[in-house]
Structures are given as C-alpha cells and as structure tokens.
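Below: one structure, written as structure tokens.
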Amino acid sequence: MLTYSLAHWMVFLSTAVLLNLSPGPDMAFILGQTARHGRRGGVAAMFGVWSGAALHVAMAALGLSAILATSALAFSLVKWVGAAYLIWLGLQILLSRDSGDAPDVSVASTPKTGAIYRQGILVSALNPKVAIFFLAFLPQFVVPGAGPAALQLAFHGALIIAVAAAIEPPLVLLGARIARAMQGQKRLGRWLEKGLGGVFVGLGVKLALSQR
C-alpha cells in the first residue's frame, strides 16, 4: 500500500517544489507578516497557511472540492469572500498610521500570534482556486492498486504541505533578518509597508476577476 515508482516520486516532488515556490496570496501573506512582525509573525502566518492548505487537502480527499468546481454559485461565493478579505487586509496596511519608521520587528511589537495564525487559515482556505487546483492535481498521482483513492489523495496532499515545511521556514528566517536590518531606514520602510498593502489589494482584485 502507498508504494510508488521512482518516476512517480520524481515528478510529484519536483512539481510540489515548484508549486510551493510560485508566488501567490499564501506566500505573500507569509513574507508580508515576516516583514512586518519578524520571525514570530512569519512562523504564525506559515502555520496558518499550512492549516488552510490541510483543509483543502481534506476537501479534495472527501470530494467536496468538486462542489466548487461544478457549482458557479459556490465558487463565486467563496471567491468574493476571499477577495474581500485580501483587499481588507491590504487596506488595513495602507490606511495604518504612518509612524515614519521601518516596521518594528521587536517581540514587543508582534501582535498575538493566534490572530496572525487565524488570518493565515482564512487567506488559504478562502481561495477557491487552491481547492480546484488540489482537485485537479492530486488525482493525477492516484495509482491503481496502491490503496484507496481517498487515502492516496490525502497522502499526497500531506506531502505537499511537508515540502512547504522544508522550503518556507528558511524564507521566513531570511525575511526576518532583512526586516531587522531595515530598522531605521525610514523612507524604505514606508514604501515597503505601503507596497505590501498594495500587493494584498492587487491579489484580492485578481482573485475577484478570476474564473473557474
């Protein structure tokens, strides 16, 4: 059970690495929270995004993602809620009071990690394109005779998150170092803060305009 060929693993793992390195709302949220709040904020965001991805994997294994793929109403509902949430996050950053300094990444400045964690779950879970991707991607690696299809889907989905666990922590650590080095760079800090807000608004608009 759950035995696969070397070619299977090579194709799957290489695709999983490229998937986790591709830019999108999840990666933008993780790096954005790292830039704003340092390592603790980035780690909380990372675990939140992974939890949201786990929900998508469970939905794909149970066949629930098919509802988003076939129902225009369900897709549109999740899409608009997700887009509104991303835009809201971006506007919060854009409209935040400008202190004139680069983001403060000290431990004292970091908000409750639970709040960042929950935001990460929502950023990932409210993206219907991710749900449909998992529904289209994971079944390609279901091998007859290797076990129940639902088990294989869940197994490969969990491996995608495991690949993320190998790729994203070094990015968070690097981002936290860069954020600390930027402290005191007032003008650059202001532009990066506003740029981050613009990125979230842009991602929200892009999601709102997306089609199934």
- Message: Between 0 and 90 degrees, rounded to the nearest ten: what's the tilt of helix 149-182 against the longest Cα principal axis of the chain?
- Response: 20 degrees
- Item | the chain: calculated mean residue ellipticity at 222 nm from DSSP helix runs of at least 4, using -39500 (n - 2.57) | -26500 deg cm²/dmol
- Note on the structure: Here FRET efficiency (C-beta to C-beta, SER22 to ALA72, R₀ 25 Å, nearest 0.05) is 0.45
- Would you kindly state how much longer the chain becomes between TRP80 and ILE178 on full extension, computed as 0.36 nm times their sequence separation minus their alpha carbon distance, in nm to one decimal? 31.9 nm
- Message: Using the Cα centre of the chain as origin and beta-carbon charges of +1 (Lys, Arg) and -1 (Asp, Glu), tell me which of ALA28, LEU153, MET10 is placed farthest towards the positive end of the dipole.
- Response: ALA28
- Query: Using 1/(1 + (r/R0)^6) with R0 = 30 angstrom and r between the beta carbons of LEU55 and SER96, what's the FRET efficiency to the nearest 0.05?
  - Reply: 0.55
- Item | Protein-only accessible surface order, largest first, of MET59, MET27, MET10 at 1.4 Å | MET10, MET59, MET27
- Item | FRET E, pair LEU6, LEU62, Förster distance 22 Å, beta-carbon r, rounded to 0.05 | 0.15
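The values are calculated or read from the model by the stated rules, or taken from the named source; none is laboratory data. No experiment lies behind these values; they were computed from the predicted model shown. A quick note on method: Cβ atoms are made from the backbone with ideal geometry, for glycine too, and the neighbour counts reach across all protein chains shown. Please note that ligands, DNA and RNA were not included when accessible areas were found on the heavy atoms of the full protein model with its side chains. Shrake-Rupley method; radii C 1.70, N 1.55, O 1.52, S 1.80 Å.
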